[in-house]
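Here's the structure, in structure tokens; my notes come after.
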Amino acid sequence: MRIAVDQSGERMDDPATVHDINVLTVVASESYQKFVTALQQDIRESLSTRSRIADATYFLGKIIQTPTVKCF
């Protein structure tokens, strides 16, 4: 995959038009479609249990270790 270029070799990645020009179309077999569907479902399930907001309760009981820095 690559970003489209015009006749002069200039990249066609203007933020206003990039999503209209650079379109990826995937033509896949039925087995690939099943694979992708299962993969997307797995990702949804694993992300659904993840915290969405890192508020104070998210950090309770967690220990963060940082390297010791000596200042002179």
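Points worth noting:
- Taking the number of Cβ atoms within 10 Å of each Cβ as an exposure proxy, the fewest-first ranking of D13, D20 is D20, D13.
- Residue-span extension gain [S48 to T25] - 0.36 nm each, minus C-alpha spacing: 5.5 nm
- Highest mobility in the GNM of the chain, judged by mean-square fluctuation with C-alpha springs under 10 Å and restricted to T49, T57, T37, is found for T57.
- One entry in [x] 1.82; [y] 2.02; [z] 1.69 is Cα Rg over 2.2 N^0.38 Å calculated from the shown coordinates; its label is [y].
- Taking every DSSP helix (H) stretch of at least 4 residues in the chain, weighting each as -39,500 (n - 2.57) and dividing the sum by the residue count yields a mean residue ellipticity at 222 nm of -10500 deg cm²/dmol.
- Of the trypsin sites (Lys or Arg not before Pro) found in the stretch 2-45, those that fall in a DSSP loop while having at most 15 other beta-carbon atoms within 10 Å are R2.
Each value in this text was obtained by applying a stated rule to the coordinates, not by laboratory testing. These numbers come from a predicted model, not from an experiment. All Cβ positions, glycine included, derive from the backbone under ideal geometry; neighbour counts span all protein chains shown.
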